[in-house]
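Notes to accompany the following structure.
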Amino acid sequence: MSTTSRPSQLLIRQEKDTFLNEENPFEAMMSRFDYAAQRLSLDPGLYKVLRSPEKQIIVSVPIHRDSGEVEVYTGYRVLYNTSRGPAKGGIRFDMNVTLDEVKALAAWMTWKCAVVNIPFGGSKGGVICDPATLSNAELERITRRYTSAIIETLGPDSDVPAPDVNTNERMMAWIMDTYSMHKRHTVTAVVTGKPVEMGGSLGRREATGRGCMIVTREMLKKVGMPIIGTRVAVQGFGNVGSIAAQLMEELGLTVVAVSDKSGALYNPKGLRIKELQQHVKQHRFLSEYKGADHITHDEVLTVDCDVLVPAALENVITSHNARDIKARIICEGANGPTTANADKILEEKGVFLIPDILANAGGVTVSYFEWVQDRGGYFWDEETVNRRLETIMVRSFQEVIAKAEKYKVNTRIASYIVAIDRVAAMHRLRGMYA
Ligand code: NAD
């Protein structure tokens, strides 16, 4: 592999394959990667290395259903790049899981870990199944059988899963147990997002929302907007959205709108976030809450506000609604909420974007802290976790802004530039083993 930089545009375009189709949100991610690679004048050899997943595993996951019948599920694990350290990435249980999607999500994790400069590579896994139709016992059998099927790649030094869509800390406990039974000793560091009682980290549950709050605060400072009274709208009131809303409210911002899949609430004077969290605990959804006006799902994105936090789904900010967005700052709590076409519109409008691989990286950062604590066998108090998260998020924010200014690109491309530069630097230093 040559280490000299030369223009690689032609080669990149010729080499681009079609593993993801145009509508796929992850194709948008790869096209941003391509653009950032061009701006960096990435060596064509390195470009080829960085666009290829290191390892792709497909496994059959046979289990007995509760009825006694045998069912066979398909599982995947993709290690995209491990040059900077063990692969890190969640496992999702969903009917829409495909190998292409898992590949792209594993790439995404690689860039996210590199943006916040934690010593991990990127991976992702999934099992094609519909958890809503499976009992707890069946989910446990799938989790354990899938774990044993991919056990050679798993390990604190090689590949460390975490929860993702439709998986949770209970399943991480099963993975930890299955792996430990094979190894004949307890290995807590093989997964993150575990229950605190078995080696999980304090502050992990709040980490992604806390990271969103920190980078939003930094962006407000950067663009000279006040904190007190600045109005926020949050789409999604789950782990990320509800904690981001709570911490932004505690900081002094006014949360004027929130939504979940049941409905959306609006109060221009400010919603009471703790009360809404209590309501959701009791009633599951926001829709029956009486203390605010009800608006439509779409209106949450275009409501009169200063900061918008999409924290629910992919592809919600598109060329259809981007022009109607009033917020001056968008903090992407969710993965991939903005399409590439919408990016262009937002840039023209002068919206300050905090891109997903930076904005929601607080979660993987505290997963890293969990891994560090498990390996050291020494656990930190919550204040220490939060303080260290703060340091990493602020530093990463400043590094992305500096790259945006240096390369005269938007913050999304700048975040990819930071990430690709770091992964490429590791490859250059390590050289090519043959
Ligand atoms: P969650 O399941 O806890 O919450 C999702 C929320 O979105 C729920 O309130 C749900 O009702 C709401 N929602 C679903 N459809 C909606 C719709 N059409 N309109 C409005 N709201 C809708 O999930 P989460 O962990 O908060 O994750 C949210 C996003 O953040 C996902 O994109 C996830 O990949 C990303 N993310 C999460 C973490 C993490 O640590 N949890 C880390 C990084 C990225």
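The values are calculated or read from the model by the stated rules, or taken from the named source; none is laboratory data. No experiment lies behind these values; they were computed from the predicted model shown. Calculation scope for accessible area: heavy atoms of the full protein, side chains included, ligands and nucleic acids excluded. Shrake-Rupley method; radii C 1.70, N 1.55, O 1.52, S 1.80 Å.
Per-residue ellipticity at 222 nm computed for the chain from its helices equals -14500 deg cm²/dmol, with DSSP H segments shorter than 4 residues left out and the rest contributing -39,500 (n - 2.57). Separation of the alpha carbons by more than 31 angstrom is noted, of LYS88/LYS269; LYS112/LYS344; LYS222/LYS274; LYS48/LYS88; LYS103/LYS344, for LYS88/LYS269.
Once you keep just the Cα pairs under 8 angstrom separated by 6 or more residues, what percentage relative contact order results for the stretch 182-321? Relative contact order comes out at 23 percent.
Ordering LYS290, LYS221, LYS183 by accessible surface, largest first, gives LYS290, LYS221, LYS183; the 1.4 Å probe counts only protein heavy atoms, with every chain in place. Each Cα pair under 8 Å and six or more residues apart adds its separation to the average, and for the chain the resulting relative contact order is 16 percent.
When the Gaussian network model of the chain links Cα atoms closer than 10 Å, the mean-square fluctuations of GLY291, GLY200, GLY336 top out at GLY291. Cα centroids of the stretch 364-380 and the stretch 399-426: 27 Å apart.
Over the stretch 19-135, accessible surface divided per residue gives 33 Å², non-protein components excluded, 1.4 Å probe.
Would you mind classifying the stretch 43-91 by shape? Square roots of the alpha carbon gyration tensor eigenvalues, ordered a ≥ b ≥ c; an a/c under 1.5 is rounded, otherwise it is prolate if a/b is larger than b/c and oblate if not. Numbers along the way, then the final one.
Working: a/c = 6.16, a/b = 3.15, b/c = 1.95.
It comes out prolate by the Cα gyration axes.
Calculated on the Cα set of the chain, radius of gyration then Dmax: 21.3, 66 Å. Whose amide H sits under 5 Å from the amide H of ALA87, counting only residues 5 or more places off or on another chain, with H placed in the peptide plane? Here the answer is GLY121, ASP159, VAL160, since their amide H atoms fall under 5 Å of that of ALA87.
When the residues THR216, THR186 are ordered by accessible surface, computed with a 1.4 Å probe over the protein chains alone, the sequence from largest down reads THR186, THR216.
Karplus-based coupling profile of the stretch 70-84, in residue order and whole Hz: 8, 10, 10, 9, 10, x, 10, 9, 10, 9, 7, 7, 10, 5, 8, with θ = phi - 60° in 6.51 cos²θ - 1.76 cosθ + 1.60 and x standing for Gly or Pro.
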